[in-house]
Amino acid sequence: MNWRSHLLYWIAPTLVMACLVAMYFSNVDWLMSLLAPQFNRELGLLENLQNVLLAAIIGIIGWRMLNSSFPMERKFFALILAGSIFMLLEEIDYGTHYWWLLSGWDISQQPKFSLHNIDNDRYLDVFKIGGDIVMALWFVIFAWAGTRSRNVWIEFLRPSRMFTLALIAAIVVSDTAHYLEETAPPKPNYLTTSIGEFRELFTYYIWLLYLGILALHRTWPQAQQARTCSSSGISPDAEGSGAQ
């Protein structure tokens, strides 16, 4: 991997995250308010950058789904699209943050509709633990264990091993933010118990990069098999050929 790959996978996002962390712990009120407003942190730069990344994922995956040639391919990307839309709706609390703001209502009285913000954060713990497990399995275990396989489906899905560096960088950023919050908390602490939002933003970047590569730069395995069979003079079953 060249330096451009390192820049894309982990250096650039780490520098951006470092700037955001520095903004929050600067104790400069307007910088802190820009990042996470005291009246509603959900309307700050940190949360809205997450929304932008999720919206970008939705756009890219939606484009690939609409341009898919195989029914199985469309279903695959439709499933990812549905999950991405769900995550965006969860992040914006199904639009209630903006509705409350535009209506001029008391933010403190705003009801919570998103699963990760209700029931004493029980679902939030499930989201976090489940997300950590998936990230470890996909971007560490799968990325390194599948390198020798020549199976077209594994080659299509397998993430670059560079994602392991991105994951390590995300953990370092998160741990740094937590350490600063414990040892030198900003005053006022607008994020209170939500310092993990920094790592969440980095996580969304990792998924955007991976899904962007998957949707924009990788050929659906059935299309590869169809081309191989065509060059060999064999007529493949377009829907089931080589499915494993």
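Per-residue 3J(HN,Hα) values for segment 3-16, derived from phi via the Karplus relation 6.51 cos²θ - 1.76 cosθ + 1.60 with θ = phi - 60°, read 5, 5, 5, 4, 4, 6, 6, 9, 5, 4, x, 5, 5, 4 Hz in sequence order (x marks Gly and Pro). Take every pair of alpha-carbon atoms less than 8 Å apart whose residues are at least six positions apart; their mean separation over the length of segment 130-177 yields a relative contact order of 39 percent.
Take segment 162-229 with all the other protein chains still there, run a 1.4 Å probe, and you get 43 Å² of accessible area per residue.
Computed over protein heavy atoms with a 1.4 Å probe, the carbon and sulfur contribution to the accessible area of segment 4-86 reaches 74%.
The values are calculated or read from the model by the stated rules, or taken from the named source; none is laboratory data. Only a predicted model underlies this, so the values are computations on that prediction, with no experimental measurement involved. SASA here: full protein model, heavy atoms, side chains in, ligands and nucleic acids out. Shrake-Rupley method; radii C 1.70, N 1.55, O 1.52, S 1.80 Å.
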